[in-house]
Amino acid sequence: MSLDKLSRRRALGLGLGALVIGATGCGGGGGPKQAPAATAAPTEYTGPSVSLKFWNGFTGGDGPVMKKLVDQFNTEHPNIQVSMNVYKWEDYYAKVPAAVSAGQGPDLGIMHVDSVATNAARQVVLPLDDVANALGLTEADFSPPVWKAGVYKGARYSIPLDVHPLGMFYNKTVMKQAGLDPEQPPRTGEEYMAALEALKKAGIQGHWATPFPFTGSMQFGTLLHQNGGRLFADDAGVSRFAEDPGVQALTWLVELVNKGYSPKNVGQDADFIALQNGKAAFNWNGIWSINTLKEIKNLEWGVAPLPRIGSQPAAWAGSHQFVVFKQRTPDPNKLTAAKVFINWISGHSLEWAKGGQVPARKSIRDGAEFAALKEQAAIGTQIDYLYFLPSVAGIGDASAVVDQAINAAILLRKSPKDALTEAAAKADKILEANRKKYGA
């Protein structure tokens with residue numbers, strides 16, 4: 001996953017301020033209607049030759065990895081030919097609903113999990129319970145958080161491909177300068193604060209607090225959940241991020257600045273650059289950072305699960321999930337072939353993991369080959385502690401205001417409590433408007 005533009009990062013499905021689709025003309029209010037069910041499919045397709053259009057936003061280093069998998073699938077399935085179209089995520093999320101509305105949409109694609117419910121409500125994507133049932137896929141094949149995240153109003157609309165969580169990246173050279181053991185990164189809140197204090201005494205600001213959604217909002221959400229809080233009620237009826245756990249989480253980030261563990265006014269990406277340049281010891285960032293750091297010569301670094309600052313483990317994550325798009329005239333053969341493709345890619349997601357992902361499929365994660373990808377495997381140990389936004393249409397509109405609160409607090413313009421309280425009032429109005437827009 002390339003790290004070139006913030007607009008693309010927003011499309012990662014941040015879990016805070018996630019990109020939401022305005023699918024004009026693709027239906028709305030009143031919830032989704034059931035599309036004609038696809039014919040139950042085995043893992044092989046024996047029908048007539050079909051061509052499938054597969055769209056996604058893998059324009060970074062992950063694109064060639066997926067293209068290689070698609071080419072292999074086509075070679076092994078001569079009666080199914082999959083063509084892959086790749087767009088920037090922001091363009092993809094504009095093109096897909098328009099194409100579906102015009103009757104010219106792709107057959108299947110990838111969506112970030114935070115966008116699935118909105119597209120289901122707008123009837124852009126089809127229910128996939130029959131796909132999961134036909135392929136024998138259950139929660140036990142994945143993990144509870146990522147499996148449940150693809151369900152909207154009691155129906156499944158997506159099949160998980162991966163998760164891409166935050167991890168704690170650390171500069172071993174910097175740790176050694178402060179007398180810290182570079183092979184024993186901090187695991188608890190007490191250990192983490194002790195490490196930051198040791199770094200401070202050595203003249204090093206160890207954890208740069210970024211006020212930007214990438215990755216300040218991700219860090220806030222992580223700390224919120226570690227403190228036992230939630231961004232929203234499960235049904236997204238009201239916001240909850242301004243409650244005590246949220247205030248504690250944002251205060252912790254602000255105190256990094258106030259206590260001198262972080263500089264003020266950290267710029268976008270400056271925290272990640274500081275890790276690479278030996279100016280910071282720790283950086284909480286996404287799994288996609290692995291391949292970036294591997295390209296830097298002579299950099300001694302490692303990655304571990306996020307430290308447990310609060311009372312329970314938790315970590316932000318995004319997830320790429322397969323979806324099947326609504327067609328004006330459903331083709332049972334294409335729907336069957338799409339099931340085979342989804343299942344095949346999921347079962348071959350070890351190669352996908354090398355691009356900087358954690359496979360959603362448990363059988364892949366439990367294998368020796370994935371364990372050999374030590375950095376991905378380290379981050380993957382958090383799989384059962386990941387959180388996602390409630391599967392509610394338009395939820396990203398409400399979560400976007402949290403970004404503003406985090407920015408104002410970390411830049412010391414507002415207190416954490418005031419910033420979150422103001423944002424919660426705005427978010428609650430958006431949630432109410434969404435209930436009217438999409439149907440309660």
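Any read-out appearing in this document is the output of simple, stated calculations on the displayed coordinates, not a laboratory observation. As the structure is a computational prediction, the values presented were derived from the model and not from experiment. Counting neighbours? That spans all protein chains shown, and the Cβs are built from the backbone with ideal geometry, glycine included.
Calculate the length of the line joining the C-alpha centroid of the stretch 216-256 to that of the stretch 116-159, in whole Å.
26 Å
Relative contact order for the stretch 60-218: what is it in percent, counting Cα pairs under 8 Å that are at least 6 residues apart?
Details: 94 pairs, mean separation 18.0, N = 159.
Relative CO of the stretch 60-218 lands at 11 percent.
Assuming 0.36 nm per residue, please report the length gained on full extension of the stretch residue 94 to residue 426 beyond their Cα-Cα distance. Show your work: numbers first, answer last.
Working: separation 332, 0.36 × 332 = 119.52 nm, distance 2.55 nm.
Stretched fully, the residue 94-residue 426 segment lengthens by 117.0 nm.
Give me D for the stretch 205-250 in µm² s⁻¹, whole number, from Stokes-Einstein with Rh from the Kirkwood sum over alpha-carbon pairs, 37 °C and 0.692 mPa s.
D = 298 µm²/s.
Which order do the peptides 343-352, 362-371 come out in when sorted by mean C-beta neighbours inside 10 angstrom, highest first?
Per-residue Cβ counts within 10 Å, averaged per peptide and sorted highest first, yield 343-352, 362-371.
Taking each pair of distinct Cα atoms in the stretch 164-272 once, what is the resulting Kirkwood hydrodynamic radius in Å?
Values: mean 1/r = 0.0668 Å⁻¹.
This gives a value of 15.0 Å.
From the phi angles alone, apply the Karplus equation (6.51, -1.76, 1.60; θ = phi - 60°) to the stretch 230-247 and give each ³J(HN,Hα) in whole Hz, x where the residue is Gly or Pro.
Ordered by residue, 3J(HN,Hα) equals 9, 6, 9, 4, 4, 8, 6, x, 9, 7, 10, 6, 8, 6, 3, x, x, 4 Hz.
Normalised radius of gyration for the stretch 122-189, please: alpha carbon Rg relative to 2.2 N^0.38 Å, two decimal places. Write down the numbers at each step before the final one.
Working: Rg = 20.2 Å, N = 68, 2.2 N^0.38 = 10.9 Å.
Cα-based Rg divided by the globular estimate yields 1.85.
Which residue, 421, 275, 340, has the largest displacement toward the positive end of the dipole of the chain when charges sit on each Cβ (Lys, Arg +1; Asp, Glu -1)?
It is 421.
So, counting K/R as plus one and D/E as minus one, what does the shell of residues with Cβ under 13 Å around residue 263 add up to?
Details: positive: 200, 259, 264, 279; negative: 271.
Net local charge, residue 263 excluded: +3.
Got a sec? Charge dipole of the stretch 47-129, +1 on Cβ for Lys and Arg, -1 for Asp and Glu; which of 65, 83, 112 is way out at the positive end?
Most positive-ward Cα: 83.
Grab the other residues whose beta carbon is less than 13 angstrom from that of residue 50, score K and R as +1, D and E as -1, and report the net. Can you show the working numbers first?
Values: positive: 53, 334, 339; negative: 107, 331.
Spelling it out: positives minus negatives among the neighbours equals +1.
Which cross-chain or sequence-distant (5 or more) residues have an amide H under 5 Å from the amide H of residue 143, H modelled 1.01 Å from N in plane?
Under 5 Å from the amide H of residue 143 lies no amide H from a residue far enough along the sequence or on another chain.
Ordered by packing density, taken as the mean number of other Cβ atoms within 10 Å over each peptide's residues, highest first, how do 322-328, 427-433 rank?
Details: 322-328: 21.4, 427-433: 17.9.
Sorting 322-328, 427-433 by mean packing, highest first, produces 322-328, 427-433.
Quick one: helix 189-201 against the long Cα principal axis of the chain, what's the angle to the nearest 10°, folded into 0 to 90?
50 degrees
For the stretch 392-440 and the stretch 302-347, write down the distance between their C-alpha centroids in whole Å.
Going from one Cα centre to the other spans 27 Å.
Can you work out D for the stretch 260-341 in µm² s⁻¹ from Stokes-Einstein, where Rh is the Kirkwood radius over C-alpha pairs, the temperature is 25 °C and the viscosity is 0.890 mPa s? All intermediate terms of the calculation are to be shown ahead of the outcome.
Details: Rh = 17.1 Å.
The Stokes-Einstein estimate is 143 µm²/s.
5 Å is the cut-off here: which amide hydrogens, built 1.01 Å from N in the peptide plane, fall below it relative to residue 360, excluding neighbours closer than 5 in sequence?
Placed amide hydrogens put 162, 163 under 5 Å from residue 360.
Taking the Cα centre of the stretch 86-176 as origin and charging only Cβ (+1 Lys, Arg; -1 Asp, Glu), how large is the dipole, in debye to the nearest 20? Could you put the intermediate results ahead of the total?
Values: 8 positive and 9 negative charges, 79 e Å.
It comes to approximately 380 debye.
Considering Cα pairs under 8 angstrom that are at least six residues apart, work out the relative contact order of the stretch 127-171 and quote it in whole percent. Spell out each step's value before the answer.
Details: 29 pairs, mean separation 18.3, N = 45.
Answer for the stretch 127-171 is 41 percent.
Hey, what D do you get for the chain in µm²/s if you plug the Kirkwood alpha-carbon radius into Stokes-Einstein at 4 °C and 1.567 mPa s?
Numbers: Rh = 22.2 Å.
So the translational diffusion coefficient is about 58 µm²/s.
Taking just the alpha carbons, could you work out the radius of gyration and Dmax for the stretch 358-440, both in angstroms?
18.8, 49
Where does the stretch 291-390 land on Rg/Rh, using Cα atoms and the Kirkwood Rh?
Working: Rg = 17.4 Å, Rh = 16.2 Å.
Checking Rg against Rh, the ratio lands at 1.07.
Quote the relative contact order of the stretch 342-439 in percent (integer), defining contacts as alpha-carbon pairs under 8 Å separated by 6+ residues.
Values: 67 pairs, mean separation 18.3, N = 98.
This gives 19 percent for the stretch 342-439.
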